[in-house]
Amino acid sequence: MKVLIVNGPNLNLLGTREPEIYGTTSMENYLEILRSEFPSHELYYYQSNIEGELINRLQEDDFDAVVINPGAFTHYSYAIADCLKNIRKQKVEVHISNIYQREEFRQKSVTAANTDAVLSGFGLDGYRLAILSLK
């Protein structure tokens, strides 16, 4: 199975950004762990701070399932929500922190309704759990 993992804005800073919330492991290091745990999956990774680039990547349609952490776009990107709505493959939204324990504006996801599941608050392990959930 080809799984595309997509991260939105500021998630390129994982490992150094607010380690008390996001931990000290970079996404690149965590991808190595995921690839060793899921050798039968092809895991592709894409990160951008630019909304349109995320949409363009999702529309390439070269994957079987997507695991997405839209970052701050979660809360206001109707464009990404519309893009996800038009993807007819498995989609899991992941949030490293528990968005319901954070600021009020972070507690609403406009993208979640267009995914099959949402994982929030499991740290980076949310990505692993998302891959495990894929059929």
*Among the numbered criteria (1) at pLDDT 95 or above; (2) surrounded by fewer than 20 Cβ atoms within 10 Å (Cβ to Cβ), which single criterion is violated by S97?*
(1)
*If a residue has to be open to solvent by 40 Å² or more (accessible area, probe 1.4 Å), under 22 Å from M27 (Cβ atoms) and at pLDDT 90 or above to count, how many in the stretch 100-115 make the cut?*
0
*What residue, among those in the stretch 57-86 that are open to solvent by 20 Å² or more (accessible area, probe 1.4 Å) and touching a helix residue (DSSP H, G or I) at 6+ places or on another chain (Cβ under 7 Å), is modelled with the lowest pLDDT?*
H75
*Mind listing just one residue for me: the one in the stretch 9-45 that is open to solvent by less than 60 Å² (accessible area, probe 1.4 Å) and β-branched (V, I, T) and, of those, modelled with the highest pLDDT?*
T25
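The values are calculated or read from the model by the stated rules, or taken from the named source; none is laboratory data. Model, not experiment: these values are computed from the prediction. Here Cβ is always computed from backbone atoms with ideal geometry, including for glycine, and neighbour counts include all displayed protein chains. Side chains are part of the model used for accessible areas, which takes the heavy atoms of the whole protein and leaves out ligands, DNA and RNA. Shrake-Rupley method; radii C 1.70, N 1.55, O 1.52, S 1.80 Å.
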